[in-house]
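> Here it is, the structure in full.
The values are calculated or read from the model by the stated rules, or taken from the named source; none is laboratory data. Keep in mind it's a predicted model, so treat the numbers as computed, not measured. Cβ coordinates were reconstructed from backbone atoms using ideal geometry, including for glycine residues, and neighbour counts include every protein chain displayed. Heads up: the accessible areas ignore ligands, DNA and RNA and are worked out on the full protein's heavy atoms, side chains in. Shrake-Rupley method; radii C 1.70, N 1.55, O 1.52, S 1.80 Å.
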Amino acid sequence: MSTSTTKPRIGITLGDCAGIGPEIVELALKSGRVPDSTEYVVLGRQPNCKPGEPTPETARAAAAALEEAVTLARRGELEAIVTGPVHKARMYEVGFRFPGQTEFFAERCGVKNFAMCLTGGKLTVALVTAHIPLRKVPRALKQSEIVRVGLLLAEFLRSRGKNAPRIAAVAGLNPHAGESGKLGVEEIEVIAPAIEELNSSPVFIGPVSPDTVFHRAIEGEFDAVLCMYHDQGLIPLKLHAFHSGVNVTLGLPFPRTSPDHGTAFEIAGKGIARPDSMIAAINLAVELAQKEEPQQI
């Protein structure tokens, strides 16, 4: 859609407007730390919203903004989407049937091959399993899924200029990466075969003990870590880059990013919310949008 004389358009949803979404979007756009060569389209305004007081109406407005954003992006009218934080429990109460916004965008775009990735500071992680209970992770962990998400992660790194990325392909599932089978066999039976398959393009190593892999990545030994489950990746990411972490959905026909934090109803409207993560999310969306044209679907 964009030409050399037309500014790219980035859609930004406010999330649940009773949270800090409206504040951090406003602060980010006024910060001078996002590109002024881009047109920002803010979606989800609700005049009667009271900070810190979420209601079914604020949840419905958040859901409606997501629908509007994905419709515009699918038409090619937005180059990328940045989503504000939503309150999932409240969203579920008004009929939102997705585990998270990641799954919402994938379903609306008809995409099966997608993954959740987070990046901030010196750490990038992608998740083989995401919004499922921890007790279900071992059964859900398949060689084909590790390979699928690993390839998406490698492509994401290449899109950001890492032409020969070094990925720790995996954080093992078990303590000490299974200790040669003494603490679990998933590394031997599932993860190692996946690494062997991935290494037709030799950028993956592992399984790496999960208690050291993130330190090694932050020290520069790896460009990213392929993680087996949600908290395995998010805990170190948020510890390392809580105020600058960005959630990005891999595999969509357009870039979609989000700040890596929640609605923070308890501080909404108090003037203390920090926009750093939203600024980072906007900047990453612009970066990715400049490298690809959105597909009209």
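> Can you list residues from other chains, or at least 5 along the same chain, whose modelled amide H is less than 5 Å from the amide H of Val82?
Counting only residues 5 or more places away or on other chains, the set is Gly11, Ile12, Thr13, Thr257.
> Just the number please: accessible area per residue for the chain, 1.4 Å probe, all protein chains included, in Å².
45
> Moving to a separate point now. Relative to the longest principal axis of the C-alpha atoms of the chain, give the angle of the C-alpha long axis of helix 230-241, reported between 0 and 90° and rounded to the nearest 10°.
70
> Given the options Tyr40, Gly184, Ala140, identify the residue whose Cα lies farthest towards the positive end of the charge dipole of the chain (+1 on Cβ of Lys, Arg; -1 on Cβ of Asp, Glu).
Final value for the positive-end residue is Tyr40.
> Next question, about the same structure. Tell me which trypsin sites (Lys or Arg not before Pro) from the stretch 120-152 have a DSSP coil assignment and no more than 14 other beta carbons within 10 Å of their own. Intermediate values should be presented prior to the final figure.
Values: sites: Lys122, Arg135, Lys136, Arg139, Lys142, Arg148; in loops: Lys122, Lys142.
Qualifying residues, ordered by number: Lys122, Lys142.
> Okay, moving on. Report the charge-dipole magnitude of the chain in Debye, nearest 20, computed about the Cα centre from +1 at each Lys and Arg Cβ and -1 at each Asp and Glu Cβ.
280
> What nm value, rounded to one decimal, do you get for the distance between His176 and Ile235 when each label is placed 7 Å out toward the C-beta?
Those two pseudo-labels are separated by 1.8 nm.
> Probe radius 1.4 Å, ligands and nucleic acids left out: which of Ile132, Ile24 has the largest accessible area, and how do the rest follow?
Largest accessible area first, the residues go Ile132, Ile24.
> Another question, if that's okay. Using the structure shown, select from Lys50/Lys88; Lys30/Lys238; Lys88/Lys291; Lys136/Lys238 the pairs with a Cα to Cα distance greater than 20 angstrom.
Beyond 20 Å: Lys30/Lys238; Lys88/Lys291; Lys136/Lys238.
> Rounded if a/c is under 1.5, else prolate if a/b beats b/c, else oblate: with a ≥ b ≥ c from the C-alpha gyration tensor eigenvalues square-rooted, which is the chain?
Verdict is prolate for the chain.
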